[in-house]
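J.: Below you'll find the structure I mean.
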Amino acid sequence: MMKKTLTALTLSLGLVLSFSSYAKNNVVVVATGGTIAGAGASSTNSATYTAAKVPVDDLLNAVPQIKDLANVRGVQALQVASESITDKELLSLARQVNDLVKKPDVNGVVITHGTDTLEETAFFLNLVVHTDKPIVLVGSMRPSTALSADGPLNLYSAVALAADDSAKGKGTFILMNDSIFAARDVSKTINLHTNAFVSQWGALGTLIEGKSYWFRQSVKRFNNRSEFNIENIKGDALPLVQIVYGSGNMLPDAYTAYAKAGAKAIIHAGTGNGSVAKNIVPTLNQLQQQGVQIIRSSRVPQGFVLRNAEQPDDKYGWVVAHDLNPQKAKLLAALALTKTKDAKEIQRMFWEY
Ligand code: ASP
C-alpha cells in the first residue's frame, strides 16, 4: 500500500515538474521597423540598404528557434526608420505596450526597432509603462539580407530575456550584441559595427545561448517605481523640448529660435561639464526668465554634469541633466513638464531617474 502511494506521488510530482519545465511564457513581439527589418541589394551590403522593409511575421519565421523559448506572436505597430519617429508614434507605441503588459496572458514584450533612436524609445517606455514584466528593445546593425546579419541572434536573445522570469522587476532593457543594458544609461556610440551600444556604467548582464546572466541592477526609478504614467498622458504630443549642440564660437540664435517656436525647455548639449560660453549666458538667462527651462547636459558621452560647477545653476535657476545624454534629457524634461514648471522639482526628477 505504502509502496503504491509512493509510486503515485513520484509519478504526479514528475508530471508536475515536467509540465512546469515545459510550460512556456507568452511573449509578444511588437515590430516598428529599423535595420533589423531592413533589406539590401546584395548580401555584401551590410551598411547600404533600406530600413523598415521586412514584416514582423517574416522576422519571426527567420528565427524558428524562438518557439523553443516562448509562445511568440507578432504585432506590426509601425514600419519606419527610427530617426523618423515623432511624439505621435512614441506615445502610440507606449500605449500599445502598456495595453499588452496589462494582459494576464502576456509575460513579456519585445520591441524590434531601429537603432538610431532605440535608446530614446527604451528610456521613454522605462519612464511611463507601469509593469514589472520585462520590456526588451532590440535592433540590429546589419540588415536581414547581409552576410552575418546580427538581427536573428539579437531577436532570439531578446525573446529569451522577455520570457525569463529572472528579468521581472529589473526595468526596461536594450538587448544588443549579447549584452543586457538598462534603458536609462545605454547609448548608440558606434554607427557601423555590431558592438554599437555602450553604457558608461556597464551592462546589467549578458545573454548567452538563450540564458541570462546578471551582474548589476539599476538604483534609479523606472516602470512601476516611476511617477510618470502613460495612462495619464493625453494627446499626440509631449511638451516641446529641443536640443542645442554646444561648440566654440557659438551664436545664441538657435536658442531664441527654438523658444520662439514654442520650446518649453532647451537642452544645452554643452562642452565638457555642460559648459556655457560667456556670450550665450545672457540669452539663456533671458529665456529662463521668460519661463523656458534651461537644462545643462553634455556633448561628452561619459561622466555627468556637476551642478554649480562651471556655471552657478542655483543662482540662474537652471537644471543639470546628471548623467543623461541630451536626447534622454529631452524626454525626461518633456515628461517633467507634464507635471511642473518648477526648476527645483525638475532637478529632483533628474536626480531620481
Ligand atoms: N536608421 C536606422 C533606424 O534607426 C538604423 C538602424 O536601425 O540601425 O531605423
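The values are calculated or read from the model by the stated rules, or taken from the named source; none is laboratory data. All figures in this text were calculated on a predicted structure; none of them were measured in a lab. So basically every Cβ, Gly included, is an ideal-geometry build from the backbone, and we count neighbours across all protein chains shown. These accessible areas exclude ligands, DNA and RNA; they are computed on the full protein's heavy atoms, side chains included. Shrake-Rupley method; radii C 1.70, N 1.55, O 1.52, S 1.80 Å.
J.: How about the range 73-87: which of its residues are more than 10 Å from the ligand (Cβ to nearest atom) and among the acidic types (Asp, Glu)?
T.: Result: 87, single match.
J.: Could you please give the count of residues in the range 269-279 that are out of contact with any helix residue (DSSP H, G or I) (no Cβ under 7 Å at 6 or more places or on another chain) and open to solvent by less than 20 Å² (accessible area, probe 1.4 Å)?
T.: Qualifying residue count, the range 269-279: 2.
J.: For residues in the range 199-231 being free of Cβ contacts under 8 Å to residues at least 40 places away in the same chain and outside any loop (DSSP other than H, G, I, E, B), which is surrounded by the most Cβ atoms within 10 Å (Cβ to Cβ)?
T.: Checking each candidate, the answer is 205.
J.: Here is a further query. If residue 160 satisfies every condition in (1) more than 16 Å from the ligand (Cβ to nearest atom); (2) modelled with pLDDT under 95 but one, which is the exception?
T.: So the condition that residue 160 fails would be (2).
J.: How many of the residues making up the range 51-106 are among the polar types (S, T, N, Q) and either at pLDDT below 95 or open to solvent by less than 40 Å² (accessible area, probe 1.4 Å) (or both)?
T.: Number of matching residues: 2.
J.: List the pairs whose first member sits in the range 50-70 and is under 18 Å from residue 209 (Cα atoms) and assigned to a helix (DSSP H, G or I), whose second member is of a type in the set (A, V, I, L, M, F, W, C) and open to solvent by 30 Å² or more (accessible area, probe 1.4 Å), and whose Cβ atoms are under 8 Å apart, counting only residues at least 6 apart or on separate chains?
T.: Qualifying pairs under 8 Å: 60/72; 66/72.
J.: How many residues are more than 16 Å from the ligand (Cβ to nearest atom) and either within 15 Å of the chain's Cα centre (by Cα) or assigned to a strand (DSSP E or B) (or both) when one looks only at the range 97-124?
T.: Total satisfying the criteria: 4.
J.: Of the residues 121, 189, which is out of contact with any Gly (no Cβ under 7 Å at 6 or more places or on another chain), closer than 26 Å to residue 300 by Cβ, open to solvent by 10 Å² or more (accessible area, probe 1.4 Å) and hydroxyl-bearing (Ser, Thr, Tyr)?
T.: 189
J.: Quick check, is residue 132 assigned to a loop (DSSP other than H, G, I, E, B), within 15 Å of the ligand (Cβ to nearest atom), at pLDDT 95 or above and within 30 Å of residue 351 (Cβ to Cβ)?
T.: Answer is no for this residue.
J.: Looking at the range 44-72 only, could you name the residues that are charged (D, E, K, R) and within 15 Å of the ligand (Cβ to nearest atom)?
T.: Once the filter is applied, which keeps residues that are charged (D, E, K, R) and within 15 Å of the ligand (Cβ to nearest atom), the range 44-72 yields only 53.
J.: Determine which single condition residue 336 fails, assuming it passes every other condition in (1) part of a helix (DSSP H, G or I); (2) small (Gly, Ala, Ser); (3) surrounded by fewer than 20 Cβ atoms within 10 Å (Cβ to Cβ).
T.: Residue 336 satisfies every listed condition except (3).
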